[in-house]
1. Between Glu208 and Ile54, 0.36 nm times their residue separation minus their Cα-Cα distance comes to what?
2. For the stretch 223-276, with every protein chain kept in place, what is the accessible area per residue (1.4 Å probe, Å²)?
3. Counting only the backbone N, which residues of the stretch 258-286 are under 14 Å from the spot 7 Å out from the Cα of Leu174 toward its beta-carbon?
4. In whole percent, and with a 1.4 Å probe on the protein chains, what portion of the accessible area of the stretch 61-219 is carbon and sulfur?
5. Just report the Cα centroid separation between the stretch 97-146 and the stretch 221-282, whole Å.
6. Can you compute the FRET efficiency between Leu42 and Leu147 using 1/(1 + (r/R0)^6), with r the Cβ-Cβ distance and R0 = 22 Å? Round to the nearest 0.05.
7. Can you give me the accessible area per residue for the stretch 85-165, using a 1.4 Å probe, in Å²?
8. At a Förster distance of 30 Å, what's the computed FRET efficiency of Ile283 paired with Val109, Cβ-Cβ distance as r, to 0.05?
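The values are calculated or read from the model by the stated rules, or taken from the named source; none is laboratory data. What you see is a predicted model, and the numbers here were worked out from it, not measured in a lab. Glycine also receives a Cβ, built like all others from the backbone with ideal geometry; neighbour counts cover every protein chain displayed. Each accessible area value is taken on the protein alone, full model and side chains, heavy atoms only, with ligands, DNA and RNA left out. Shrake-Rupley method; radii C 1.70, N 1.55, O 1.52, S 1.80 Å.
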Amino acid sequence: MSFKDLLDNLTGSLPADLAAFAPELVLCITIVALLLGRLVNLDRRIPGYWTALIGSLIAFGLAYMQVVPGDLPRGDDPFFSGLLVNDGLTVFFRLFLLLFLILVIALTVLSGVPDNEDGPDFYTLLLGATIGMMLMVSANHLLMLFLAVEMASVPSYVMVGFLKGRRLSSEASLKYVVYGAGAAGVMLYGTSLVGGMLGTAELPLVAEQLGSILAADSTAEGMSSPAIRTVLLGLMMVLVGLAFKLSLVPFHFWCPDAFEGAPAEVGGFLSVASKGAAFALLIRVATQFVGVDAGDQLGPAGNVTQLYVTL
């Protein structure tokens, strides 16, 4: 395949991919608007929360328009060369995350936690973390899974310690960073093991390759096979990252300090939005390995309510 053919394959479906990715793109544009407004001192005339709130409402509207016809996207609708997938699970949790983002922005306006000086910075971090969580719920590739988890985690580290001059908040942020860095390293190493042993990092192909290896070795070495043990070890390392985001034992040590030191709005955002995105990602990974597509559990004419009941 020539470079031109490869480029044509990548750009041929670009309009459809961008349409499916529209809510995330709007949040990205909102972040750029916040940063540019801070650069030219426009935030002194237009508070940052207005920019963040308008961008979040537009993103929510675009996400809702994907379910207006009544039929959710099917599970076999990947985009961006299979890195992401647009199905019922993605649509439901995308709406959930955007709705909660709007509520958190409204809560910060009422509480006044980020003042006018720090408002654009805070909302930039908040929107960036939400984009990472939205990528988590649609991840269809181990590399995208890792990038999405890190994109959701890194802004969270800063938001936990956003109250400057408060020792408890700074200590909580530092502990969060240390545990997060360790979990990220383990997760990345597990991703490299799985991709190297199976020759692919796409979740459906990983499940298919793992099933083939287990079937081939079931009558021979079984669990004593080095290939099976290496792949299972890599998958366990990947699950460490998900357990860290879900605060599952024994990867929960960061949670008490982070929630005690963080502002109440940030604690609420991390306890609901972050856990919801990690739960959705865990559903997607688990259903792939048991041979069930989370987006195909709704029937031919599923809607968001049916998806909620299914989950």
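1. 51.2 nm
2. 40
3. Only 258 fall inside the zone, counting backbone N under 14 Å.
4. Using a 1.4 Å probe with all protein chains present, the stretch 61-219 comes out at 66 percent carbon and sulfur.
5. 19
6. E between Leu42 and Leu147, to the nearest 0.05, is 0.10.
7. On a per-residue basis, the stretch 85-165 sits at 29 Å².
8. Efficiency computed from Cβ-Cβ geometry: 0.40.
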